[in-house]
Amino acid sequence: MRIAFDHSYARELPGAWEPTRPDTPPAPEMLYWNAELADELGLDADKADAAELARLFSGAELPAGAQPIAQAYAGHQFGGLSPSLGDGRALLLGEVTDRGGARRDIAFKGSGPTPFSRRGDGKAAVGPMLRELILGEAMQALGIPTTRALAVVATGEPVYRERPQRGAVLTRVAASHLRVGTFQYFAIRGEAEMLRKLADYTIARHYPELAGRDDRHLALLQAAAERQAALIARWMHAGFIHGVMNTDNMALSGETIDYGPCAFMDAHHPDTVFSSIDHQGRYAYGNQPAIAQWNLARFAETLLPLIAPDDPASAVPAATAVIEGFADRYREHWLAQARVKLGLDDARGGDDALLNDWLTLLAAQGVDHTLAWRYLADEAEGKSGRLAALFPAPDALEPWLKQWHARHVPRTRRPTDIAAAMRRANPLYIPRNHLVEEALAAAAERGDMAPTLALLEVLRRPFDERDGLDRYAQPAAAELAEGYRTFCGT
Ligand code: AMP
Ligand code: MG
């Protein structure tokens, strides 16, 4: 199999990476091959058998033309700055141009130590890698920008965490791995020339419309903030909690990246936290927009010497205005996306109050986020029952529903069309935590991939209700959901 690799990052940004090699796994075994994504990338994988693919996407045999490097980056982790992080358990093989003409990174995760591994082993376990696969594919199907897994290969080697686990290598496909932390790495070191190169590279790759502009560095900040505003609004509507929104985990492409302790929330509540290491709730569901803004402020700081080379401090007001403007940009995206979810086809004053009242109602009664939105479509068709049944005290729902119905007057579309449009915006199937855990346990402990494959199949079409899949639509029993914790698996 031939992959037409390019290496623009390595070529254009010497000093931003270290050469490295993947470990050789003793017994690579393909757990999941994403044929649809392989096709999107234009890989001629059809002729390759599973054993060959397992060797190529685990480090046993490098694909021809690959030039493995570990990327340098810094990052604020839970608010504290780590000046040197870098790819400690990942490496970039190279870039390919997909069928749509877009440049995509192909990278390994869990392929062994790199110059940035510090005390880590550079490895990954089957469970967390399948988790990244499942969550990423779910996000993709929900229409949320995301990195994706091309392959997950078991290495045949144990990795040692709390207890020995089966090791795995995940092949990650990303628009790029440029992060806020990449900029921080050079800003901290006062490397202005590298920063400039990095900014121009980022612009060329993700914001080509800004290339050549004199004010391109401020414009980059603005454009990156705009993409984050759109992304986080999507997360919030999906009930997605990233879990580790460190600045090294914020991609400048605007994709969701680094699926660690992330999870979808069942009962709607702003304070929801799943990650076992997020003791303060810094990355709680409701904090995500503010954290994105905080991360963008760290990004802005790195750009000041580019915006105003002679006097970086003079760039502070303009950069601050962009960061402060993030709140409005986020709100705008959040509202626009919400109108579609609410079945509205125009914008009116008071829509944000309608939306806030709805979410307050869900939070007050601990109602399942996903099902509440989904069953609201029933009400558009005058079929009540399923929605009210989600509420412990359904009487409180009535006045809100009246307002929502009133908001649809004058009606420009038929009720069935409104309901259908709502069902295209409000998924029925999300990766429910108990089902994800069940699938990962089967794969990690018994080598049984069937539950993972079945779950992926359901999640690929999250908006289409299908017979016999009710179990995938329902939240876990309350006692299971209570105290649910996710782990980084690092
Ligand atoms: P993450 O929390 O996955 O975003 O990782 C934060 C940092 O820790 C990054 O620099 C990773 O490369 C590094 N890291 C995570 N797990 C490992 C590991 N098992 N071995 C070496 N480095 C790791
Ligand atoms: Mg990371």
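The values are calculated or read from the model by the stated rules, or taken from the named source; none is laboratory data. Since we're looking at a predicted model, the values are computed, not measured. Quick reminder, even Gly has a Cβ in these numbers, built from the backbone with ideal geometry, and neighbours come from all protein chains shown.
Which fully enclosed helices (runs of 4 or more DSSP H) of the stretch 374-490 have 3 or more residues being farther than 29 Å from residue 129 by Cα and at pLDDT 95 or above?
The qualifying helices (runs of 4 or more DSSP H) are 397-407, 415-425.
How do the pairs read when you match residues in the stretch 264-291 that are without any contact (Cβ under 8 Å) to a residue 24 or more places away in the chain with residues anywhere that are among the aliphatic types (A, V, I, L, M) and surrounded by 16 or more Cβ atoms within 10 Å (Cβ to Cβ), using Cβ under 6 Å and keeping only pairs 6 or more apart or on different chains?
Going by the 6 Å Cβ cut-off, the qualifying pairs are 271/284; 281/273.
Return the residue satisfying two criteria in turn: it lies in the stretch 135-168 and is among the charged types (D, E, K, R) and modelled with pLDDT of 95 or more, and of such residues it is nearest to residue 112 (Cα to Cα).
Filtering first and then ranking leaves 157.
One residue is enough: does the stretch 174-185 have a residue meeting the conditions in a strand (DSSP E or B) and surrounded by fewer than 23 Cβ atoms within 10 Å (Cβ to Cβ)?
yes
Looking only at the stretch 248-264, count how many residues are in contact with a Lys or Arg (Cβ under 7 Å, 6 or more places away or on another chain), near ligand 2 (Cβ under 10 Å from one of its atoms) and part of a loop (DSSP other than H, G, I, E, B).
2
May I ask you to list pairs of residues, at least six apart or on different chains, whose Cβ atoms are under 6 Å apart, with the first in the stretch 119-136 being more than 14 Å from ligand 2 (Cβ to nearest atom) and the second being modelled with pLDDT under 95?
125/489; 126/444; 127/444
Please enumerate the residues belonging to the stretch 135-148 that are crowded, with 24+ Cβ neighbours inside 10 Å and within 22 Å of residue 50 (Cβ to Cβ).
If the condition is that a residue be crowded, with 24+ Cβ neighbours inside 10 Å and within 22 Å of residue 50 (Cβ to Cβ), then 136 is the only one that fits.
Among the residues of the stretch 207-221, are any within 16 Å of ligand 1 (Cβ to nearest atom) and modelled with pLDDT of 95 or more?
No, there is no match, as no residue in the stretch 207-221 is within 16 Å of ligand 1 (Cβ to nearest atom) and modelled with pLDDT of 95 or more.
Among the residues of the stretch 137-170, what is the count of those that are away from ligand 2 (no atom under 16 Å from the Cβ), part of a strand (DSSP E or B) and among the polar types (S, T, N, Q)?
Counting residues in the stretch 137-170 that are away from ligand 2 (no atom under 16 Å from the Cβ), part of a strand (DSSP E or B) and among the polar types (S, T, N, Q) gives 2.
Given the criterion free of Cβ contacts under 8 Å to residues at least 60 places away in the same chain and more than 16 Å from ligand 2 (Cβ to nearest atom), identify the matching residue among 234, 216.
Step by step, each of 234, 216 is checked, and only 216 is free of Cβ contacts under 8 Å to residues at least 60 places away in the same chain and more than 16 Å from ligand 2 (Cβ to nearest atom).
Does the stretch 317-365 hold any residues that are among the small types (Gly, Ala, Ser) and over 23 Å from residue 394 (Cα atoms), and which are they?
Result: 318, 319, 321, 325, 327, 336, 347, 349, 350.
Name the single residue that is farthest from ligand 1 (Cβ to nearest atom) among those in the stretch 144-180 being over 16 Å from the mean Cα position of the chain (by Cα) and of a type in the set (A, V, I, L, M).
Within the stretch 144-180, the match that is farthest from ligand 1 (Cβ to nearest atom) is 151.
List the pairs whose first member sits in the stretch 246-260 and is within 6 Å of ligand 1 (Cβ to nearest atom), whose second member is modelled with pLDDT under 95, and whose Cβ atoms are under 6 Å apart, counting only residues at least 6 apart or on separate chains?
Within 6 Å, the pairs are 260/488.
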